[in-house]
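Structure first, then comments.
Coordinate-derived values only; no laboratory data. Just so it is clear, the model here is predicted, and its values are computed rather than measured. No Cβ is skipped: glycine too gets one built from the backbone with ideal geometry, and neighbour counts run over all protein chains shown.
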Amino acid sequence: MNRVLGVDLGQARTGVALSDELRMLAHPLETIENRSAEKVARRVRQIVAEKEVDCVVVGLPRHMNGSLGPAAEKAQQFVEKLRSLISCEVVTWDERLSTVAAERALRDAGRKTRETRGIRDQVAAQIILQSYLDRLNG
């Protein structure tokens, strides 16, 4: 079974997480600086090829009432761009509160907010991906 890649698309940075080969656990992988959506999409394409990924899960930021806003529209545009670049499946996944959960997890681990800027996005991607994997295996 090939791995699954999780993506937390942010305004300044994009976090990426990768599943294990059994698709049971998600692990933080890297943070991509968002200079352009094209650059982020190209880096994701490289990771998909290097890590033998057959599904990419992109977090879809919804409002608490479930509606979609400008950030969700950007995520959907990114998904369309990604689908044109890679041949594997690309799906969206509800990411409500993933960044808040990531910040809380890092704070609980004793990390200061300033220290976590780079890894916070990876942990948010890990939370999104783990949620998807749990549903897949549930």
Mind checking which of Leu82, Val40, Leu136 is farthest towards the positive end of the chain's charge dipole, using Cβ charges of +1 (Lys, Arg) and -1 (Asp, Glu) about the Cα centre?
Val40
Among beta bridges assigned by DSSP with both residues in the chain, the antiparallel ones amount in percent, to the nearest 5, to 55
Pairs of Lys in the chain closer than 21 Å at Cα, counting only those 8 or more apart or on different chains
4
Compute the label zone of Ser87 within segment 1-31: residues whose backbone N is under 20 Å from the point 7 Å along Cα-to-Cβ.
1-5
Amide H to amide H, which residues 5 or more places from Leu29 or on other chains are under 5 Å from it, using H placed in the peptide plane?
Val16, Ala17, Leu18
Just add up the charged neighbours of Gln130: K/R +1, D/E -1, any other residue whose Cβ is under 14 Å from the Cβ of Gln130.
-2
Cut-off under 5 Å, modelled amide H: who pairs with Asn34 long-range
Arg13, Thr14
Sequence order, segment 9-15: Karplus ³J(HN,Hα) from phi using 6.51 cos²θ - 1.76 cosθ + 1.60, θ = phi - 60°, Hz rounded, Gly and Pro as x, gives 7, x, 6, 9, 9, 10, x
Matching label, mean projected area of the Cα convex hull in nm² computed from the structure shown, candidates [x] 13.3; [y] 8.2; [z] 7.8
[y]
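Work out how much length Asp94 to Met64 would gain on full extension: take 0.36 nm times their residue separation and subtract the Cα-Cα distance, in nm to one decimal.
9.7 nm
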Under the Karplus relation with 6.51, -1.76 and 1.60 and θ = phi - 60°, whole-Hz ³J(HN,Hα) for segment 48-54, x at Gly and Pro, equal 4, 6, 5, 9, 6, 8, 10
